[in-house]
Structure formats: structure tokens, C-alpha cells
Protein chains: 2
Amino acid sequence: MPNPASLPPLWLRDNCGCADCRDPRNGQKLFQITDLPEGLAVAAENPAAVDGAPGWEVRWTPDGHVSRYAESWLAADVQQSTGTGQGTGRGGDQRTEDAKTLWRAADLTAPGSLPTAAWADYRADPAVRLRTLDAVGRLGFALLTGVPADDGQVTRVAETFGYVRETNYGRIFEVRIEENPSNLAFTGERITPHTDNPYRDPVPTLQLLHCLVNSAEGGDSGLVDGFAAAALLREEDPAAFETLTRIPVPFRFADTSGGGAEVTAHRPLIGTDPRGRIREIRFNNRSIGTLRLPADDTRAFYTAYRAFARLLLRPELQLDFRLAPGDCLIFDNTRLLHARTAFASSGGRHLQGCYADLDGLFSTAAVLRRGVLDQLADLFAEQGSAEYFGEDVTQAQHMLQAGALAQAEGAPPALVAAAVLHDLGHFHGEVTGHDLMEGTDNRHSHTGADWLAQWFGPAVTEPVRLHVAAKRYLCAVEPGYFALLSPASVHTLAVQGGPMTPAEAEQFAAHPYGADAVRLRRWDEAAKDPQALTPGFAHFRPLLAELLAPGGTASLGVGAVA
Amino acid sequence: MPNPASLPPLWLRDNCGCADCRDPRNGQKLFQITDLPEGLAVAAENPAAVDGAPGWEVRWTPDGHVSRYAESWLAADVQQSTGTGQGTGRGGDQRTEDAKTLWRAADLTAPGSLPTAAWADYRADPAVRLRTLDAVGRLGFALLTGVPADDGQVTRVAETFGYVRETNYGRIFEVRIEENPSNLAFTGERITPHTDNPYRDPVPTLQLLHCLVNSAEGGDSGLVDGFAAAALLREEDPAAFETLTRIPVPFRFADTSGGGAEVTAHRPLIGTDPRGRIREIRFNNRSIGTLRLPADDTRAFYTAYRAFARLLLRPELQLDFRLAPGDCLIFDNTRLLHARTAFASSGGRHLQGCYADLDGLFSTAAVLRRGVLDQLADLFAEQGSAEYFGEDVTQAQHMLQAGALAQAEGAPPALVAAAVLHDLGHFHGEVTGHDLMEGTDNRHSHTGADWLAQWFGPAVTEPVRLHVAAKRYLCAVEPGYFALLSPASVHTLAVQGGPMTPAEAEQFAAHPYGADAVRLRRWDEAAKDPQALTPGFAHFRPLLAELLAPGGTASLGVGAVA
């Protein structure tokens, strides 16, 4: 665990969270980096509780300013700055390949693996909404079904998570056969995988396509994960990959009708971040303009361009499907390429599309996450203040102490979260809707785990689900464990079924989360100390936020575990 | 001049402009790069006229396709791909430092050097509109004055050239003192130079600030050219520059009120293109989040960050001014930093702002340019078809031949343009509004030059203005020149004042554009050959487009020359 004086002083001071340094209303910094004095250094550091958790108080020289830092915050620095997973967490850049689940068609063709949600569920249930938005971030797309096939509805879908990006095509564009098409999209011709509007800078980062009518022969859709394709190119033909990241390409589009447009952008086909990670794909055969480069670069580019174009046409990369009326596809236009087969002008095919941006979508997902954390914080503050069945701590203190014990032992974040949240099933109101623990019904571990499964993955929920069973297990297999139980715990053990039978214990030990549940159980027993330093719920918020809605390719309409 | 077979074949073929390769309606390519056959090569190349200009016809192997390329297009390739000015022309990336005029405050404080236009002129006159938009591209900003101080007017300004980018602040944001500010912008505090919304990705590339009320004490505005500052940092402290381009920085903003927002982006403070050219500045003390990097990188970043922050505060970089009610500032938010002094809550200061994007602005400028070229094309087609005062060619043929002669001699583009446009003053209608060349009034060189000065710089307009004087000069100083004149030219020489006096000739020879005018004059005399190959006006469009509205820092409300 690093002590403050060992860390870069300007960085440490720039992260001071006191009310003089940071506006409590909006979190913005109230000082300039140029305001910090020359020779800034830690004059004194002393252990101090920060929000009820272990931390440090620092006095700075030469200005005497005082800052406080939680030890877990300092530890996170070490973990995040040196680990191999640098920048992959939710605190990292959500736009690069590191934050994505790359896929090929076969990964998403198993039943239930397509990220799909019903419009009604998406609207009614914030958990479905969050999983849908997270799928767009992680897989690059999600499909909403049953969206009313109304004119203009596509912008109302966009407005559920962000803002429509208007372009020369309007707020909405109509994808159907036009008499004088300004763009080949508005014909019945086949269109190979491409990203839209590569000639725009900034390019629209999201696209929505809402199907109103699709009874034409042909007109099937396809999606290709451009990040997966670029990663494959990097593997198979590193020189081509390097060339495509290095050479900005002029893209052009001119519309001479009406008000007209003449849009150009110069960007590479494969955009990388300063660390070389894939971050943006632009690919559109139709609108590459005239490169003017030295001949060697031109040759290298065309060789690489054709190699990438061929790779993008490999059938195993393309997920094929057919949009039905009411389907609305939301996809990341900086990552996914979309395609369609040719279609006949008879029969009718009509999509409405609009553009939007990823930052709004990620913001909406973050606000949904914050909403869950706010709800949990309220539960801890209100229902958590109740006495804990005769113990000397409140329910909230008990859970927070369990979390602190897990953290002090260096448990992985998911298990710390499980410890903090393990007795959530005791709380009333929105969590369960039932009166729990009236002395008879004792399914609180399951009720809590089921509610948590809306938002958290099994590494959080399953230790919670098993923490009551773990007590029954320990009493069965560990001589003397029973003697450690508090009187309340002895009382509930009986209600919960008493110690396990040998067969039950064997089954429990084999459970993938059995060992975690046992660890959790030991913290549970210990977390009843009225004298212990107890962190506030706020202390655990960043950790919980990282774990919220971790994804997976499970169908979005149902919980990941339920 | 390169022949086609010497050029990269995939590149050459990808630029085939025939109707099978490119949709004549929208210019989009109709083939995929993967459709081109293996072993593509030029089977035969033969000189051929392309749109009336010298060019090549190419037959391809193995597929027998036939393409045609103008020699000037091939020559442009050599010029653009090998010259030092690579990518600086209008065909290059308009977003990098190469396409910008970097400035310090002193460059814009001379009378008339601020890019300003009156709203009424901007609306009425496409030339003022184009110069205003070009100033935003070139200098990073323009100021409109006299914009009605109406609520919501700022979005109507944005809609004259593009599309409003809606964000969590709304379509419009109010910059005034708010009771519960979600952002320090909505207080009366001093704000040092910064770019807006660095936590957004894509960041809004344009910002508009429209002043409704400014009677508070304080609240003056400042602008800093971030590209100039970054270039200065590169010069003074290359290591700091490199560090700031290399390290993505987490920017964060959270609004916990109402619907709320939680926006993050990870981008370097100085964004460069793959060639290392400065392309995007993000700088905002208030919203830099927590970097999690190995300690060496953290130290390097903070040292560089503070160096750049100090540099940005140098008074010589900051252009100070005060917005008056009705002023609307349009600026490039990826380049310019804006600042304001603190202001008192009494007295009142109220701006309305909105965001928009550069691609729309550049598109509108390109469409305005296209409008000018369309107007010229119409003049050539209609009025140009008139007989040329007894010569064996039409007026249009004469001008186009003069342009072809200039091009064949390798004249610089501006002089080619002057040759193509030199007799524009003869045309009626929109160009002059007068009957010219009725045998008495003979100011066509001035009328033409004055009209052209709306759109073109002096390197185009002044040779046009002087081309009649050049005849009088040549007849005075060059024995035998008079004998070369056609009968019509002899007739007009008399009306135009006859050969110059020695004093007049001396003055003419000293004129900075005298020599260009003499070259133009010789092409003028020669361009009367009914047998000569004559390019169409379309042949010169790309060349003219590059020269249209070349800028300079002249006040935008008046023509660059008039």
C-alpha cells in the first residue's frame, strides 16, 4: 500500500477532494494547475480515517494545505496503473478495443446470445435499459423489438439515451428506393459492409435503423465487428494494419440537389489511440476520394486497403439477420460495419434512420448506474439504520463492516461487493416487496441475490445467495464454528434448517462459489463490532460502480442469472 | 508529366471517373476495391482529349476496361504528393495546423484585422458569408455583429451554416449566474482559457456565444489560439509536447441535478494526426479526472501539463475583447481556448450559447464555392457563347484557350485562373450590370477584377485588372508588338488610350502584378485560334475552387481588394 509521500505530488494534490479544491455542487476543480506552488511536496503524512475507512491526512509544503486520501483510493492507483488491465475498467477509455468484447458471427448465433430487448421492457425496466446500452458499448449493437412502426419513432428511441445528430440528410433519413437518390443507400442495390458518413468529422458515432416495412424480396441485413476485423488484420498482416493506421484517407460526399452538401474528412481507415489501441474504423468503398501521396505510400495503402476489404467480406465475420417491422437496431458507427443484400423495388422496404453519439449513451448508462447506487445508499441510510436483530450494530454497520473486512483481507472487488451487499434481502420496500425475517420466512439470501442479479454478475450475487447456506455448511464441517455464533445467529440457524447433512455439505463444497461464500460468511460473523471503524456507503460506491451491469452475452430481456 | 503506366495501378483505376465506375448522380463509386481483378495493369495508353484538354486514354488488362485521365489531373498528383505543401490545399485535411493561419493577439489587433462581419451583410451577401466561414476555418473564429438579441437566436445563426449539437446542457445553454450552477460557467467566477466539453467524445467542434446583455462590471472575453500555443510548446519544450500528445487524459463531468449526466472522455491534451500534425486541443483545468499511470508517466504528464498551462496564460497569446449585445462569436472548440474575467452579479450579463460542428460549416463554405463556380459556368455557357468582337472564336473559347495556354506554359494556378477569367468584365447580367464594350466604355478589366475580388485574391484579380494596360504597355515598349494585334484589338487599343507614354510604362513595369499581366496579355493575343483544342469550363473548376476565397486577415465585411 503506497504512502502519499511516495506518489507524484502534483498528481496527488490535483486529486485533493476538499471543498476548497473541488466544487461540492458539481465536482469541478476550483483551482488551476498553475496555482499550485513551486516545490510542492508532502510535509507530513498521518494515518487518518477518511469517510470511516483507513486513509491518510497529508499536510503540504510550502502552502500548508491539508488533503485526505482513502487507502483504497491509493491502492486502486497501484492496481490500475501497473496492472495488465490498465484502462479496461469503466474508469478507462470505453472507446478502445480493450473495453470491448470482440465477436464473430458464430459468437452471437446461439439462442439467446443476440443482444435483444423488447421495447416495452426497455421502457419499463431500468435494468433492461442499462443492459441494452451496455451491449451497444461492449458488443457494438443492440436490437430493440416491438418498437411502434410509426413515422419518426426512431428519433424517440434515440432520445431515450441521447441526442439526435442532425446532418445534411436531416434529423431522420429514409432508407428506401428514391427516384433521384443522393446516395446509393436510397436505391435497391446491394451494399457491402461499410461505416456511414466517413466523410464527416466528427463522424456520427451511433446509428439507429428502425424498420417500418420489410416485405421486399432481399434486403437482409448484416453486421461485421470492425474492431475484430482490424485485430485479425493486425494478426495476419501487421504491415497492412500499420499502413491503415498511418495514412489519413480523404473521404468525400457531394450532394448537388437542393441546399446541397460537400463534406470531406481526412482520417485513417483504422484509427488508434496514442497507445496504439484500435479506436475507430472508417470503411466505405463508395466515398474514398483521391489520395495524393508519394507513389510508395500509395502502393502500400492500396495493397493494405484491398487486404482489409477482402477480410471484411469473410462470411464468418458477418452476422446475418433480417429486420422485421418494429425492429430498431442501435449500433456503434465507429466500430460496426453494416451491409444489406439487394432488394426488389416491388414489395416495399422502408427503414428510418438517424444518427446520435456514444457519449450521450455512455452518460445515460452511467446515470442509470448512479441511480442504482443512489437507491442502495438510501436503503443503507434508511432501512439500514434499523437494529440488527439484537446485535450491537445496525444492519448497515454490519454490512459495511463486512465489506471493510473483505477489503482489508485484499478480497477481489466482486467479493468485497458481495460482503457489502450480503444482507440486502433483509431490507424492505423496493428491494423485496415482502416482509422478510419476521422469524418464519428466511429466504433473505435468495431474495437479495435475485434483486442484485438485475445489476450485478454472479461473482457478486452467488456468494450472497449462498451466505446462509455457508453458515449451515461451516457448522457441519468445522468443529467449534457453532460456538462462535452470536445468540441471534444461533436463533436463525435453527429457522434456516440447522447444520447441513454430509451430502448437503459435499454438494456445497463443490459449488463454484462455495469457497467465496465461506469467506463471506466469516466476515459476516465478525462484522458485529460496535467499536470497529466503519466506512460509509460512499466509500464503496466506486467499487460497486465498476461492477454494475458487467454484461456477458446473455439476452438482455432477462436478468443475467434469474 | 507522368504517363498513366508509371502510376500505381489500383490507385489510378480507383479514380476512374466513367459512368460505370461512378454514379453520375451522386459521384459515389459503383464498384468495390475487391472487384478489381488481380494483376491489374495498364495494357495500352494513348494521348486523348479529356473534356477538351490534353489527357490519356488507358485500356486495362485483364478486364479491358477503358478510363480517361486529364493530364492536369495527373500533374496535380505529382505536385500535391511530393511538394512541401502536401495536404495544405483545400483538398487536404482542413483540421490540422497545416491548413490554419496561427496567430497571437498582436496579429489581430490592427484596425480591420479582426474577422468581423455585420449580420445583415452576412445574410444578404454570399461573399461575406463565405469569408466569415473561411475565417472560422483559418483563424478559428469570426465575430458577427448586430445579430438580433433575441432569445434562441444563437441556434438560428448556427443553422445558417450547420446543425446544432444538442448535449445535456440542451440545444441552447444560458451563460449567466444561476442559483444552483451545474457548471462553473454558470457563475460569475473568472474562467481561465479552456476548451469546452473536453469530457465529450466526440467533442463539439464549434461553439457559438451570443451576447444578449453585458452591462455587468467585468465579464470581458479572451481567446487563445491553442494550435499556436501547442506549436510554441513544441518549439520551446519538445519533450512536454510529445508527452501531451502521447498520454490520453480522462476528462469527467457529472451533473447530479434533474436527468443528470455523467460524461467521460479519454483523449490527449494535444491531439495529432497520424503524421504528427496538431489537430485538436483539449484543455480544461476544471474537468481533468484521475490519471492512473505508472509514476514516471504521471510525473512527466504533470510537468508537461503545467508547462502548457503556464504558456497558455501568456498575455501575448490572448486576444482580449468585450462582447456587446448583438455580438455572436463563432469559434472552433477543437482549437481556440476561451476565457472570461470575473463579473459582478449586479448589472447583468447574459450570453446564450450552442454547439455545432465544423464539418457542416466546411460543407456550407464548399457549397457557397460551388455556387460561385456554377455561376461562372453559366456565364461561360450563356454569355460566353456570344461572338468575340469579330474574332473566329466565341468569348468563352477565347478565355478557355487563354487558360489552356497558361496551363501549358506551367503558369501558377492563380495566373491560370486569371487567364481563364480575364474577360469576365465583358459579360453582362449579374457580372457587371452594365453594357460593356459598346465601343465607348472600355473599363472591362476593372469591372471584371472588381467582381472577382469578392471571391478571389489579388494574384487572380490584379493581372485581370491590368491586362488592358498590359497591351498599351507592350505596344509602347516592344517594337513589333503592335503588328501582332488582331484588327479588333487594334480597334480597341485606340479606344483604350493607345500605347503608354514612357512615364506610364515605367510605372506599369514597377507594379507588383505588371509582369503577370504581360504574360496574361500574350496568351490573350494568342487565344483566338478556331482550330485549337479548347478545354471546357469544367476542366478548370478544381483549380478555381482551390483559389476561391483564399482569406487573408482583411475585415470580412468588405472585399479583400475593393
**Complete:** Spelling it out for B:ARG22: with amide H atoms placed in the peptide plane at 1.01 Å from N, the residues 5 or more places away or on another chain with amide H under 5 Å from its amide H are B:LEU30
**Request:** Taking the Cβ of each residue in A:VAL490, B:VAL42 as the centre, tally the other Cβ atoms inside 10 Å and list the residues starting with the fewest.
**Result:** A:VAL490, B:VAL42
**Fill in**
Per residue of A:291-304, other chain Cβ atoms within 10 Å number on average 5
**Complete:** Copies of A:GLU45 compared via label points 7 Å along Cα→Cβ give distances in nm, shortest first, of 6.9
**Item:** Nearest-0.05 FRET efficiency for A:GLN496 and B:ARG25, computed from C-beta distance (R0 56 Å)
**Value:** 0.15
**Prompt:** Which cross-chain or sequence-distant (5 or more) residues have an amide H under 5 Å from the amide H of A:VAL249, H modelled 1.01 Å from N in plane?
**Reply:** A:ARG267, A:LEU269
**Asked** Where does the charge balance sit around B:SER345 when Lys and Arg score +1, Asp and Glu -1, over other residues with C-beta under 15 Å from its C-beta?
**Response** -1
**Message:** Please give the Cα centre distance for the range A:105-139 versus the range A:343-369, rounded to the nearest Å.
**Reply:** 14
**Other protein chain Cβ atoms within 10 Å, averaged over every residue that makes up B:307-316** = 2
**Asked** Considering only B:HIS422, A:LEU544, A:TRP11, whose Cα is most displaced toward the positive end of the charge dipole of the protein assembly as shown, charges sitting on Cβ of Lys, Arg (+1) and Asp, Glu (-1)?
**Response** A:TRP11
**Message:** Spelling out what I want: for every residue of the range B:339-344, take phi, set θ = phi - 60°, compute 6.51 cos²θ - 1.76 cosθ + 1.60 (Karplus), and round to whole Hz; glycine and proline get x.
**Reply:** 9, 8, 7, 5, 9, 6
**Item:** Rg/Rg_ref, the protein assembly as shown, where Rg_ref = 2.2 N^0.38 Å and atoms are Cα
**Value:** 1.09
**Prompt:** Hey, what angle do you get for helix A:226-236 against the long axis of chain A, alpha-carbon based, 0 to 90 degrees rounded to 10?
**Reply:** 80
**Prompt:** How far, in nm, would the chain grow between A:VAL66 and A:ARG322 when pulled straight, counting 0.36 nm per residue and subtracting the alpha carbon separation?
**Reply:** 86.0 nm
**Complete:** Computed for chain B: size of charge dipole around the Cα centre, +1 on C-beta of each Lys and Arg, -1 on C-beta of each Asp and Glu, debye to nearest 20, value 1520
**Message:** Under a Cβ-only charge scheme (Lys and Arg +1, Asp and Glu -1), can you give me the dipole magnitude of the protein assembly as shown about the Cα centre, in debye to the nearest 20?
**Reply:** 920
**Request:** Kindly put A:TYR302, A:TYR481 in sequence by how many other C-beta atoms sit within 10 Å of each C-beta, fewest to most.
**Result:** A:TYR481, A:TYR302
**Request:** In vacuum, with every alpha carbon of the range B:139-230 counted as one equal point scatterer, what does the Debye formula give for log10 I(q)/I(0) at q = 0.19 Å⁻¹? Two decimals, please.
**Result:** -1.23
**Asked** Closest approach to the A-B rotation axis by any Cβ of A: residue and distance in angstrom?
**Response** A:PRO202, 2
**Item:** Ascending list, in nanometres, of distances separating the B:ASP20 label from those of the other copies (7 Å, Cα toward Cβ)
**Value:** 7.8
**Complete:** Output row for B:GLU57: copy-to-copy label distances, label 7 Å along Cα→C-beta, ascending, in nanometres, one decimal, is 9.1
**Complete:** Sparse-neighbourhood loop hits (trypsin sites (Lys or Arg not before Pro), the range A:214-299; DSSP loop; Cβ within 10 Å at most 11 others) -> none
**Asked** Over chain A, what is the relative contact order in whole percent, taking alpha-carbon pairs under 8 Å and six or more residues apart?
**Response** 17
**Item:** Relative contact order of the range B:97-363, pairs being alpha-carbon contacts under 8 Å that are 6 or more residues apart, as %
**Value:** 37
**Item:** Dipole of the range B:97-363 [Lys/Arg +1, Asp/Glu -1 at C-beta], most positive-end residue of B:LEU232, B:SER363, B:VAL157
**Value:** B:LEU232
**Prompt:** Once the dipole of chain B is set up with Lys and Arg at +1 and Asp and Glu at -1 on Cβ about the Cα centre, which of B:HIS65, B:PRO502, B:LEU108 lies farthest towards its positive end?
**Reply:** B:LEU108
**Request:** Restrict the search to the range B:1-58; then list the GluC sites (Glu not before Pro) that DSSP places in a loop and that have at most 11 other Cβ atoms within 10 Å of their Cβ.
**Result:** B:GLU38
**Request:** Could you go through the range B:126-141 in sequence order and give the Karplus-derived ³J(HN,Hα) for each residue, using 6.51 cos²θ - 1.76 cosθ + 1.60 with θ = phi - 60°, rounded to whole Hz, and x for Gly and Pro?
**Result:** x, 5, 5, 4, 5, 5, 5, 5, 5, 5, 4, x, 8, 9, x, 6
**Message:** Sort B:PHE321, A:PHE537 by Cβ crowding within 10 Å, fewest neighbours at the top.
**Reply:** B:PHE321, A:PHE537
**Asked** For the range B:308-325 and the range A:491-515, what is the separation of their C-alpha centers, rounded to whole Å?
**Response** 70
**P(r) tail fraction, chain A - alpha-carbon pairs more than 39 Å apart, %** = 41
**Item:** A:ASN333 long-range amide H proximity, modeled H, under 5 Å
**Value:** A:LEU206, A:GLN207
**Asked** With +1 on each Lys and Arg Cβ and -1 on each Asp and Glu Cβ, how big is the dipole of the range B:4-81 about its Cα centre, in debye rounded to the nearest 20?
**Response** 120
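Laboratory data are not the source of any read-out in this text; all were calculated from the coordinates shown. Just so we're clear, the structure is a prediction, and the values are computed from it rather than from any experiment. FYI the Cβ positions are ideal-geometry reconstructions off the backbone, even for glycines, and counts take in every protein chain you see.
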